[in-house]
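The values are calculated or read from the model by the stated rules, or taken from the named source; none is laboratory data. As the structure is a prediction and not an experimental result, all values here were calculated from the model. Cβ sites come from the backbone with ideal geometry, for glycine too, and all protein chains shown count toward neighbours.
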Amino acid sequence: MDKFRMMAQILQSNQESFMNGICSIMALASAQLYTSFEFNCPCIPEYNYSYGISMLVIPPIWFFLLGFVLNNNVSMLAEEWKRPMGQRRKDPTVMRYMCVSISQRSLIAPAVWISVTLMDGKSFLCAYSMDLDMSEFGKNVSGYGLSQEELLRTLAKIPCKHIYDGQHILSRDAASRYICCISQAFGWLFLLIITIVAFLIRAIRPCFTQAAFLKTKYWSHYVDTERKMFDETCTEHAKSFAKVCIKQYFESISGEIQSFHDHSCGDDSDDDDDKPETEEDKLLGIRRQDTMNKVLWDWHMCKPALSLRKCEDVSAGQNGDCSMNANNNQDGHVCDKTDLSVGQKGFKSGYVNAGLDIGQRDLGRGYDNASCSVDQNGFTRRESKASTSQNEFMNGGVPSSCIAQKKAWAVYYSKV
Amino acid sequence: MYAMGVMFVPPVILFLLGVLVNRHTGVLMEEWVRPLGKRTKNPAVVKFLLSSVMQRALLAPMVWILMTLLDGKCFICAFSMNVDPKYFTGIPNSTGLELVKIMAKVPCKEDVIFKNSSFRKAVSRYVRCYSQAIGWSILLFFIFLGAVGRVIKPCFNHATFLQTRYWSNYLDIEQKLFDETCVLHARDFARKCVVQFFENMREDVTVRMPLSSALRPSTIRNEYEEEEEERLHGITRQDQVDHLLQTWYECKPELDVTKMAYKPKVCITWEDHNGKALFSDV
């Protein structure tokens, strides 16, 4: 059971290995489907050929399309192709690579079906039994007094053991052996051809453009992993959002605020790294419906640049902070998540200071008065304009210049 | 009639079962029917949930129909009388039955009129061949639709699709979490209620008088009780619970947790008589 779980984990670790797993399952399924599928030749001159050839051709098409349906990379490819440029350039080689890899994987199950069908021989027998040349068996056709039509009808019944009535004309076993032999020859030829083609592709390709190929492979892997991480993050965020929303709802009904039972007040700031993430932290700063909608909208319409920023000294809130750096740069920057914690600590302490200053002054007047709402308003305004400067927050003002450049440096998981 | 019944009635049952068993059906109906409250309704989310419920529920019926078609027995039973027998040799004429009745007996292998006759096998092969052709065509059609849909969907409104998918996932999680929270609340409510009841039944009466804060022993309640209080979220009476559950349906809260995340925290600073801070929570 453990081995199975480990295998499932390895296979699901990225899309490519997942697709490899799906391919092998589909290949096995196509072989199994062939054996369990009751091949039913109609044994009628008009229909034999169509039935035989359809059984050879239509299920492979079906398996090929099924490979497309099951492969998540297909919608990823379409998405990458159709998205607006945003801050990230589009790379046509990456898209071509993904397309080729999807097609290659989808071709495996059809190839298995075709080779199994040819090896087995039934569909060939059904399609070509009427084209048999009787003189090859040493039989004289005219000696039996059959018209052409009747002869054809008799020959058409060869694939059907139970209704063949021309045993005196031509031995059914001999004819079916002959046709099956031709069918197997075709089957082996087909296998040989596809093996040679695969070998050539594998062996020769590294001689051309190997460096570019490595680059393309990396970025297509990256796109896949990024998409998965984004979906996971969204799910986690939805969970935390729901938890906090429900808690807030309960408290709003009861009228009590549970802040006195908060355990975190007495901790040292040094323990911040060891503290488990609270639900609020997991929200990554996205707390409203319209903010979340904007996150999701911009993810497609204006993908962030592939450039991780180093936030060295954000806590000081000096001139060299994120917003200033970003304004100068054309490409725009996205804060590195690991560096954000530094920024967050700096900012958080700054916030609490500010809150406390104002709060202390008004402590006499009571807890939930205008002081708190100022903090919230200030924060909300700051949040929606995505300003990152501490100074601006303290002043309560919002830089209007930032609005124009909002798209250039919007921080997605803004903790700062 | 029998054959058509066998082919179509079980899929309908399977479809209805599929819709019943799906959790998303409840989420969908609730979102569709609820009053507006403080939260706007998004019809795209409802449509997304509906299409996902339908897709999942349609899978089992489709598999049934395709299996019956590929097997062919239903078709043979239903359409053997429509076959023109003059294309096939060996029809058993000697029985004196009408042609239609003979054709109708084709699906039955064991019937005495077909002994040693290849006629029955030929006719059933023919009809089965048609049945399989129809089955494969339907399969091909649906898979083609699926593949085209997969390729084309991201070309239209992908950004809106991301939003819709997120919010429908959110609604599902929210409903699950709300049910969980209510269950936990009920358990703690019950426990506190029972403890309170026992305490009220105590025979010896204890005189309780307010003690000055200097003499009061440190009221460090144990962690369990504190956690319990937190889980109760301040809802401690029946009418509060009723009001809560009523409002959850009639007036869903807005999707904005800024207040919760930035609750004012009380942080205490101890100062000595000179005003110098000795210890601070900040």
Inset, instruction - For the stretch A:151-165, name all the residues that are closer than 20 Å to A:Ser135 by Cα and assigned to a helix (DSSP H, G or I). - result: A:Leu151, A:Leu152, A:Arg153, A:Thr154, A:Leu155, A:Ala156
Inset, instruction - Residues that are surrounded by fewer than 14 Cβ atoms within 10 Å (Cβ to Cβ): find the helices (runs of 4 or more DSSP H) completely inside the stretch B:55-164 holding 3 or more of those. - result: B:99-104, B:119-152
Inset, instruction - Count, please, the residues in the stretch A:77-99 that happen to be free of Cβ contacts under 8 Å to residues at least 40 places away in the same chain, of a type in the set (A, V, I, L, M) and under 20 Å from B:Val148 (Cβ atoms). - result: 3
Inset, instruction - Please indicate, with yes or no, whether at least one residue in the stretch B:57-71 is in contact with a helix residue (DSSP H, G or I) (Cβ under 7 Å, 6 or more places away or on another chain), closer than 22 Å to A:Glu38 by Cβ, among the hydroxyl-bearing types (Ser, Thr, Tyr) and at pLDDT 75 or above. - result: yes
Legend entry - Those residues of the stretch A:91-102 which are of a type outside the set (Asp, Glu) and closer than 14 Å to A:Tyr222 by Cβ, in sequence order: A:Thr93, A:Val94, A:Met95, A:Tyr97, A:Met98
Inset, instruction - With respect to A:Phe63, determine if the residue is surrounded by fewer than 18 Cβ atoms within 10 Å (Cβ to Cβ) and either among the aromatic types (Phe, Trp, Tyr) or within 30 Å of A:His162 (Cα to Cα) (or both). - result: no
Legend entry - Candidate set: the stretch B:118-162, residues that are within 28 Å of A:Ile163 (Cα to Cα) and either of a type in the set (Val, Ile, Thr) or touching a residue at least 60 places away in the same chain (Cβ under 8 Å) (or both); chosen: the one farthest from the other protein chains (Cβ to nearest Cβ): B:Ile134
Inset, instruction - Please give the number of the condition B:Phe197 fails out of (1) within 24 Å of the chain's Cα centre (by Cα); (2) loosely packed, with under 14 Cβ neighbours inside 10 Å. - result: (1)
Legend entry - Of all residues in the stretch B:1-43 being surrounded by fewer than 16 Cβ atoms within 10 Å (Cβ to Cβ) and of a type in the set (Gly, Ala, Ser), the one that is farthest from B:Leu66 (Cα to Cα): B:Gly37
Inset, instruction - Return the total of residues in the stretch A:241-259 being hydroxyl-bearing (Ser, Thr, Tyr) and modelled with pLDDT of 85 or more. - result: 1
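Yes/no matrix, rows are residues, columns are (1) more than 30 Å from B:Arg120 (Cα to Cα); (2) in contact (Cβ under 8 Å) with a residue 24 or more places away in the chain:
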position	(1), (2)
B:Val27	yes, yes
B:Val46	yes, no
B:Leu50	yes, no
B:Val53	yes, yes
B:Leu66	no, yes
B:Glu98	no, no
Legend entry - Unmet criterion (only one of (1) within 12 Å of chain A (Cβ to nearest Cβ); (2) in a helix (DSSP H, G or I); (3) at pLDDT below 75) for B:Lys263: (2)
Inset, instruction - Would you mind finding the one in A:Val74, A:Val69 that is within 15 Å of the chain's Cα centre (by Cα), without any contact (Cβ under 8 Å) to a residue 12 or more places away in the chain, at the interface with chain B (Cβ under 8 Å from one of its Cβ atoms) and farther than 30 Å from A:Cys180 by Cβ? - result: A:Val69
Inset, instruction - Output the number of the condition that A:Ile44 fails; it satisfies all remaining conditions of (1) out of contact with any Leu (no Cβ under 8 Å at 6 or more places or on another chain); (2) over 25 Å from A:Phe213 (Cβ atoms); (3) within 12 Å of another protein chain (Cβ to nearest Cβ); (4) part of a helix (DSSP H, G or I). - result: (4)
Inset, instruction - Return yes when A:Ser135 is among the hydroxyl-bearing types (Ser, Thr, Tyr), under 27 Å from A:Thr35 (Cα atoms) and either touching a helix residue (DSSP H, G or I) at 6+ places or on another chain (Cβ under 7 Å) or at pLDDT below 90 (or both) and no when it is not. - result: no
